[in-house]
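See structure below.
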Amino acid sequence: ARHVEAIGGAAARDAVTTQRMTGTIELPSLDITGELTILVAQPDRIRVTVEFEGLDKFEQGAAAGVGWANDPFSGPRIMAEAERLLRSRSIDAADPLKGFTSAAVVGDESVAGRQATRIKFLADAGHEVDEWYAKDTGRLLQRQATWQTDFGPEKQIILYSDYAPVGDSDLLDPKRSEQTFGTNDLVIVLDTMESNVPIPDDSFAAPAAVQELRDTPTP
């Protein structure tokens, strides 16, 4: 509840129905940087597009609890980790415990040199999500979870910083996130964050190759 107030309040969150964000994504270990676009429509639609020079687009999306991905390495696929993709952006201000069966305060710990309160959530699917909220601001500082992906269980850690207004709204979102997912490290920096912009419904449609997978009967 303190976090919700610290990012503008439940009313500010509810007033933002769509978001469009652009920025960069860097993979330090590979020394490459790409252009990032994130589209969000409440309550459950998201599309993430990354373009690296000389490579095809990397795309992920989710709608109504169904996730998908399409990239030059793994090809088109239906994702098991739709929940991870949706929760990576924000917490539902109206129901912060949505999708969880329980939550418990673990205690105070130091994260990135700051004191934070750690809360452990147990999700419906049985996996755990730990979140650290900064003692000074109340905002979400770090999230850690082990998600069941198409390639097996993988641990994800996200450190959030540089909270800023989303467009002309009173809502604050982090402009920077440093992530570790499996064996990969990446840094996301958002240059623009717009709110309540028109986003056509077909912007969240999966690519044709993914649609073919969904339409193909399972043997």
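The values are calculated or read from the model by the stated rules, or taken from the named source; none is laboratory data. Source: prediction; values computed, not measured. Every residue, glycine as well, gets a Cβ built from its backbone with ideal geometry; the counts of neighbours run over all protein chains shown. With ligands, DNA and RNA removed, areas are computed over all heavy atoms of the protein, side chains included. Shrake-Rupley method; radii C 1.70, N 1.55, O 1.52, S 1.80 Å.
Identify all lysines with a Cα-Cα distance to residue 98 below 28 Å; exclude those on the same chain that are fewer than 8 residues away in sequence.
120, 135, 155, 175
Based only on Cα atoms, what Rg/Rh ratio does the chain have, Rh being taken as Kirkwood's radius?
Working: Rg = 17.2 Å, Rh = 18.2 Å.
Rounded to two decimals, Rg/Rh equals 0.95.
What is the calculated FRET efficiency for residue 103 to residue 181, with r their C-beta to C-beta distance and R₀ = 30 Å, to the nearest 0.05?
Values: r = 23 Å, r/R0 = 0.77.
With a Förster radius of 30 Å, E is 0.85.
About the Cα centre, and with charges only on the beta carbon of Lys, Arg (+1) and Asp, Glu (-1), how big is the dipole of region 16-59? Nearest 20 debye, please.
Using Cβ point charges on Lys, Arg, Asp and Glu, region 16-59 gives about 320 debye.
Can you tell me the accessible area per residue over the chain, all protein chains present, probe 1.4 angstrom, in square angstrom? Don't skip to the answer; put the middle values down first.
Numbers: 11210 Å² over 219 residues.
Computed with neighbouring chains in place, this is 51 Å² per residue.
I need the calculated FRET efficiency for the pair residue 35 and residue 146, taking r as the beta carbon distance and R₀ as 30 Å, to the nearest 0.05. Don't skip to the end; give the middle numbers.
Values: r = 29 Å, r/R0 = 0.98.
It comes to 0.55.
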